[in-house]
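The values are calculated or read from the model by the stated rules, or taken from the named source; none is laboratory data. Quick caveat, the model's predicted, so the values are computed rather than measured. Here the Cβ positions follow ideal geometry from the backbone for every residue, glycine too, while neighbour counts run over all protein chains shown.
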There are 4 protein chains.
Amino acid sequence: MIKVIINGAKGRMGREAVQAVNNDSELEVVAQCDAGDDLGALIKATQAQVVVDLTIASAGFNNTKIILNAGACPVIGTSGFQEEQVKILQALALEKKCGGLIAPNFSIGAVLMMKFAAQAAQYFPDVEVIEAHSPEKEDSPSGTGIRTAELINAARRKSPTKCSDNELLKGARGADLEGVKIHSIRLPGVVAQQTVFFGGHSETLKIEHNSLSRSSFMPGICLACKEVVKRNTLVYGLECLMD
Amino acid sequence: MIKVIINGAKGRMGREAVQAVNNDSELEVVAQCDAGDDLGALIKATQAQVVVDLTIASAGFNNTKIILNAGACPVIGTSGFQEEQVKILQALALEKKCGGLIAPNFSIGAVLMMKFAAQAAQYFPDVEVIEAHSPEKEDSPSGTGIRTAELINAARRKSPTKCSDNELLKGARGADLEGVKIHSIRLPGVVAQQTVFFGGHSETLKIEHNSLSRSSFMPGICLACKEVVKRNTLVYGLECLMD
Amino acid sequence: MIKVIINGAKGRMGREAVQAVNNDSELEVVAQCDAGDDLGALIKATQAQVVVDLTIASAGFNNTKIILNAGACPVIGTSGFQEEQVKILQALALEKKCGGLIAPNFSIGAVLMMKFAAQAAQYFPDVEVIEAHSPEKEDSPSGTGIRTAELINAARRKSPTKCSDNELLKGARGADLEGVKIHSIRLPGVVAQQTVFFGGHSETLKIEHNSLSRSSFMPGICLACKEVVKRNTLVYGLECLMD
Amino acid sequence: MIKVIINGAKGRMGREAVQAVNNDSELEVVAQCDAGDDLGALIKATQAQVVVDLTIASAGFNNTKIILNAGACPVIGTSGFQEEQVKILQALALEKKCGGLIAPNFSIGAVLMMKFAAQAAQYFPDVEVIEAHSPEKEDSPSGTGIRTAELINAARRKSPTKCSDNELLKGARGADLEGVKIHSIRLPGVVAQQTVFFGGHSETLKIEHNSLSRSSFMPGICLACKEVVKRNTLVYGLECLMD
């Protein structure tokens, strides 16, 4: 049984993570804590092998250092790390010979969607991204939409087909991220959906992810707990722990 | 057997229409003609009851007058009529006691999609339109996309849910037609698709039309030929001949 | 304000209905009750105009009689009524000059899907139903799937296209309800989805409903409360209260 | 420029392949032939590096031997090879140091769909296959549907979720290929579509391929011509030539 601490255990995600980790036959929660607790001491007292951090973004960098310095493997669910910070933490992990993960998205389905999108973009340079969320979402496009477009751009080997793009109504052709169009739909009754739509020669390919709730992050958190203990580098993105 | 003349019979649509009408057990093509032929004389000589006009837009108004004056029922497939022109032709049809149709779209599926979209908009004020065509299409949004948004607006009884619409990348939220968002996708491998996406309280409803080719217009042309002979008014839009 | 009693208010659906009705600016909950309470007396004491019954199926018939005899309009959410019983209740409603509704499904989206399916079947006799639910669902096809196929059958004017249906693996072509194929998908991550897929001449039309939870029934319950008070017949099916 | 012979050039696929290969800037058709022509002699006369064989299935084995013996790389589009035959041809290719391909499907989109399906099945053991074709298709499920289910089975690491599968109407739950359900839809207006539908924990992932015509095979044929000349083994399946 791998010993796991959940940091940020009183938050909504944290409470669900405690349950999910305890329900996994290979994992057990040895402590729950929150901002204010002495995380380093707790790791030593419980001999925890993994710490799942679900606290606020601003605490992520320091928490990761504390976890690594205490000899445990960090599984960090907060976003907003700067590239520089990730490098510092990766160096520290190497020094401590600890595996670890910083992941902006723990949904296995979303991660596979992005991975497949990048693979398909090698063969189909013509592709648009359509994402749908509830009207409460503040920004558009979504972070996942932007990330998907970036991955597509990095993977494309050819330019997409030229297109007139004459808009009778401004905005019809969507947002443009270096040649990849992104369309953001905002409707009640939708939680989080994304379609990556590829057009080829007399054929199309769609990859479509649909998330009902943040519960979809739990299998990814459990997978990460089991994988980081087998490794000795800190990686960025859940996809790095998947084949 | 209803006697039908195809005007514009040498064009791509015309050739297909000749075949489709002849394949229908209730219809027969009694003459094929094109610009330059004396349409009025031909109607009299053949005693045609219906004339399907698939010539160019600019000829539509005059051809409809000739057809009505010769006592036949016009089925007009050209777009670009002005409101004033439609009224003149409707008055003429009434006087001549002839049924008739001017239709910007003969696809039964597209017409049903728009009809259903208007019906659903009464109950679901939150709705966006996503249309996809090949990169060769010059303008965006498509005519069908704009028409669908207009019908939705006319049918809505409530305002849609407020939404922040803060665009990190310009155009993400699509085009806005009086509050209805329209998103235009342009990809090879696509002919003509449209999805009308409704969001409700913990539920969504999608109406999705997909057209493979202009052959999809043929059943609508045949339906129109059979319906106009039963009527004595000229209507605009194939939906007016459907229950 | 229309005065509404919720019967079965302690059940999951009942609790949500109390909230939804109170949140509606035209409705107010004047009493909440459950099996064992004297419903007739409560109606008189509160002068309730509408009673929403969300108790168990076996109580539905008697509750409806009590509600009508007390002069209120019943909105009945229990299924399992026999045709004979519905007729008796409709006669009673006429006598009492009360409007009323018995509805197997309060989801406005599902009701529109079925209505549109019946309309489209007049023009597209070729259609299959694909429904998806979670693996916990006991029976397949779903009740909505069967009801949709029945409505399609009643509406079709032509036979569907002949098809070889040679199954290399038994069951590939799905269930057959008088010529309408129904396919049942059972997957985790799905709550309740249904697609009605029409095939035409070089075109297809899909109507797709997706429900996230039973919350999707609430707008239909509120709509029914407002409509039954305007009427003096008892109808079967929410669609009868929609245009 | 890679020199290519098209064998079976008078067939529908062959004619399209001649055009597609000639339109590719790295390829040129040096000869077109059909059953009856001396393929071996033609290869020598033209110094062709690749032979694309689009003749009938029964000729595939012999043609591949002739091509390899003449020192060219075979790209074989006929299906129906026995495992034993593939091994014999692979041994011959090794001996001759020639690359080659036998491919039951040249659609890049369909090949990616199957590849992604196998990858996702490692993480999502719950999955069903829905394929749609025109009513003329004789057998169900389609070959691609069966192949996809086989690949999913080989890739799954866990058993899928138990499900009651109580069919009120026989066939509702579809065909069963070792635990993977396959549903076959047959409708006019559809050419060839397939959806691989994965269900996870509060999320779903769909991979959807749509083919408009056999033209979708052409990019795969061209890709194969360019890849086989770089290799010295004969592989089975276009996916083996893709990253």
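Checking residue A:242 against (1) surrounded by fewer than 24 Cβ atoms within 10 Å (Cβ to Cβ); (2) at pLDDT 95 or above; (3) within 12 Å of another protein chain (Cβ to nearest Cβ), which test does it fail?
For residue A:242, the exception is condition (2).
Which members of the stretch B:207-218 meet the condition of being free of Cβ contacts under 8 Å to residues at least 24 places away in the same chain and surrounded by fewer than 17 Cβ atoms within 10 Å (Cβ to Cβ)?
B:213
So is residue D:21 aliphatic (A, V, I, L, M) and buried (at least 20 other Cβ atoms within 10 Å of the Cβ) or not? Before you say what the answer is, go through the steps one by one.
Numbers: aliphatic (A, V, I, L, M): yes; buried (at least 20 other Cβ atoms within 10 Å of the Cβ): yes.
Spelling it out, residue D:21 is indeed aliphatic (A, V, I, L, M) and buried (at least 20 other Cβ atoms within 10 Å of the Cβ).
Do you know which residues across the stretch C:219-238 are in contact with a helix residue (DSSP H, G or I) (Cβ under 8 Å, 6 or more places away or on another chain) and either buried (at least 23 other Cβ atoms within 10 Å of the Cβ) or among the β-branched types (Val, Ile, Thr) (or both)?
Residues satisfying the conditions are C:220, C:221, C:222, C:224, C:225, C:228, C:233, C:234, C:235, C:238.
Checking residue B:94 against (1) in contact (Cβ under 8 Å) with a residue 40 or more places away in the chain; (2) buried (at least 23 other Cβ atoms within 10 Å of the Cβ); (3) hydrophobic (A, V, I, L, M, F, W, C), only one condition comes out false. Which one?
(2)
On the given criteria, is residue D:44 among the basic types (Lys, Arg) and in a helix (DSSP H, G or I)? Please lay out each step first, then the result.
Values: among the basic types (Lys, Arg): yes; in a helix (DSSP H, G or I): yes.
Taking the combined requirement at face value, the residue satisfies it.
Restricting to the stretch C:147-178, count the residues that are surrounded by fewer than 17 Cβ atoms within 10 Å (Cβ to Cβ) and either among the hydroxyl-bearing types (Ser, Thr, Tyr) or in contact (Cβ under 8 Å) with a residue 40 or more places away in the chain (or both).
The total comes to 3.
Condition check: among the small types (Gly, Ala, Ser), closer than 29 Å to residue A:211 by Cα and touching a residue at least 40 places away in the same chain (Cβ under 8 Å). Does residue C:199 satisfy that? Steps first, answer last, please.
On the way: among the small types (Gly, Ala, Ser): yes; closer than 29 Å to residue A:211 by Cα: no; touching a residue at least 40 places away in the same chain (Cβ under 8 Å): yes.
For residue C:199, the condition - among the small types (Gly, Ala, Ser), closer than 29 Å to residue A:211 by Cα and touching a residue at least 40 places away in the same chain (Cβ under 8 Å) - is not met.
In the stretch A:127-136, what residues are within 18 Å of the chain's Cα centre (by Cα) and within 24 Å of residue B:203 (Cβ to Cβ)?
Here is the first cut: in the stretch A:127-136, the ones within 18 Å of the chain's Cα centre (by Cα) are A:129, A:131-133.
If the condition is that a residue be within 18 Å of the chain's Cα centre (by Cα) and within 24 Å of residue B:203 (Cβ to Cβ), then A:131, A:132, A:133 are the ones that fit.
Any residue at all in the stretch C:144-157 that is more than 25 Å from residue C:83 (Cα to Cα) and not assigned by TED's automatic domain parsing to the domain that holds residue C:91? Working first, answer last.
To start, the set of residues in the stretch C:144-157 that are more than 25 Å from residue C:83 (Cα to Cα) comprises C:157.
Right, trim to not assigned by TED's automatic domain parsing to the domain that holds residue C:91 and you get C:157.
Yes, the stretch C:144-157 has at least one match.
Looking at (1) within 30 Å of residue D:188 (Cβ to Cβ); (2) surrounded by 21 or more Cβ atoms within 10 Å (Cβ to Cβ), which is the only condition residue D:101 fails?
Status for residue D:101: all satisfied but (1).
Condition check: more than 14 Å from chain A (Cβ to nearest Cβ), over 19 Å from residue D:227 (Cβ atoms) and modelled with pLDDT under 95. Does residue D:57 satisfy that? Spell out how you get there, then give the answer.
Details: more than 14 Å from chain A (Cβ to nearest Cβ): yes; over 19 Å from residue D:227 (Cβ atoms): yes; modelled with pLDDT under 95: yes.
Yes; evaluated as a whole, the condition is true for this residue.
Please go through (1) touching a residue at least 60 places away in the same chain (Cβ under 8 Å); (2) among the small types (Gly, Ala, Ser); (3) facing another protein chain (nearest Cβ under 9 Å) for residue A:134 and return the number of the only condition it doesn't satisfy.
Tallying (1) touching a residue at least 60 places away in the same chain (Cβ under 8 Å); (2) among the small types (Gly, Ala, Ser); (3) facing another protein chain (nearest Cβ under 9 Å), residue A:134 fails exactly one: (1).
Can you name every residue in the stretch B:97-116 that is touching a Phe, Trp or Tyr at 6+ places or on another chain (Cβ under 8 Å) and within 10 Å of another protein chain (Cβ to nearest Cβ)?
B:107, B:108, B:109, B:112, B:116
Need at least 2 residues that are farther than 30 Å from residue A:69 by Cα, modelled with pLDDT of 95 or more and within 7 Å of another protein chain (Cβ to nearest Cβ) per element, so show me which strands (runs of 3 or more DSSP E) inside the stretch A:144-237 make the cut, counting only ones lying wholly within it.
A:175-177, A:180-186, A:192-199, A:203-211
Starting from residues that are surrounded by 15 or more Cβ atoms within 10 Å (Cβ to Cβ) and of a type outside the set (Val, Ile, Thr), keep the ones in the stretch D:24-39 and report whichever is farthest from residue D:63 (Cα to Cα). First the steps, then the outcome.
Pass one, the stretch D:24-39, residues surrounded by 15 or more Cβ atoms within 10 Å (Cβ to Cβ): D:24, D:27, D:29-34, D:39.
Among the residues that remain, those that are also of a type outside the set (Val, Ile, Thr) are: D:24, D:27, D:31-34, D:39.
Working: D:24: 25, D:27: 21, D:31: 16, D:32: 14, D:33: 12, D:34: 11, D:39: 8 Å.
Among those residues, the one meeting the criterion is D:24.
Test each condition in (1) surrounded by 24 or more Cβ atoms within 10 Å (Cβ to Cβ); (2) polar (S, T, N, Q); (3) in contact with a Pro (Cβ under 7 Å, 6 or more places away or on another chain) for residue D:107 and report the one that comes out false.
(3)
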